Structure formats: structure tokens, C-alpha cells
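Student: Before I ask anything, here is the structure I am working with.
The values are calculated or read from the model by the stated rules, or taken from the named source; none is laboratory data. Because the structure is predicted, anything quoted here is derived from the model rather than measured. FYI the Cβ positions are ideal-geometry reconstructions off the backbone, even for glycines, and counts take in every protein chain you see. All accessible areas refer to the heavy atoms of the entire protein, side chains included, with ligands and DNA or RNA removed. Shrake-Rupley method; radii C 1.70, N 1.55, O 1.52, S 1.80 Å.
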Amino acid sequence: MEYTIVIEKAPENYAAYVPDLPGCIATGATRDEAIREIGTAIVLHIESLREHGESVPAPHCTATVVEVAA
């Protein structure tokens with residue numbers, strides 16, 4: 001499955017979350033590290049949902065970049 005992630009720059013690190021999986025978050029010192037960590041977090045989050053008999057939300061979010069004149 002492919003899930004859309006959102007990556008945000010914080011003052012000291014990067015944070016990532018998955019809109020389709022509420023509560024699934026990760027951080028990293030770099031953008032690449034945050035991406036690696038959220039990949040691991042997604043796997044663990046889905047495993048936990050299944051272990052607790054909860055349904056796994058299908059991916060439905062998408063993202064794009066819009067360029068505007070500022």
C-alpha cells in the first residue's frame with residue numbers, strides 16, 4: 001500500500017505524519033531520516049491495528065504542490 005505522508009520542518013528536526021492513519025507520526029534529525037522513520041511507523045501502526053482487531057484504513061489522501069505568485 002502507498003500512504004501519503006506530510007513532512008514538516010520543526011526548529012530542531014523534521015516531523016512526519018500520515019493523514020490516513022491518525023496517530024501515526026515520526027520524527028527525524030533530517031528529512032530523509034523522518035521519511036525512513038515514518039515508513040517504520042506505518043508498518044508498526046498497521047500491525048497494531050490488526051492485532052487489536054481494528055480495520056486498516058485504505059489510503060485515500062493525495063497531495064500536490066501549487067505554485068502561486070507571492
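Student: Sort out for me the strands (runs of 3 or more DSSP E) sitting completely within the chain that have 2 or more residues that are among the hydroxyl-bearing types (S, T, Y) and free of Cβ contacts under 8 Å to residues at least 40 places away in the same chain. Reasoning before the result, please.
Tutor: Working: elements: 6-9, 14-17, 25-28.
Counting at least 2 such residues, we get 14-17.
Student: Answer yes or no as to whether P59 is loosely packed, with under 11 Cβ neighbours inside 10 Å and at pLDDT 95 or above.
Tutor: Details: loosely packed, with under 11 Cβ neighbours inside 10 Å: no; at pLDDT 95 or above: yes.
Here the answer is no, as P59 does not meet what is asked.
Student: Across region 1-49, what is the number of residues that are touching a strand residue (DSSP E or B) at 6+ places or on another chain (Cβ under 6 Å) and under 18 Å from T64 (Cβ atoms)?
Tutor: Here the count works out to 6.
Student: Can you name every residue in region 20-35 that is open to solvent by less than 40 Å² (accessible area, probe 1.4 Å) and either of a type in the set (A, V, I, L, M) or over 17 Å from P59 (Cβ atoms) (or both)?
Tutor: Passing the criteria: L21, A26, G28, A34.
Student: Just to be sure, is I38 under 9 Å from the mean Cα position of the chain (by Cα) and open to solvent by 100 Å² or more (accessible area, probe 1.4 Å)? Write out each step before concluding.
Tutor: Values: under 9 Å from the mean Cα position of the chain (by Cα): yes; open to solvent by 100 Å² or more (accessible area, probe 1.4 Å): no.
So I38 does not fit the description; no.
Student: A further question follows. Among the residues of region 7-19, count how many are open to solvent by 40 Å² or more (accessible area, probe 1.4 Å), within 13 Å of the chain's Cα centre (by Cα) and more than 18 Å from A58 (Cβ to Cβ).
Tutor: 3
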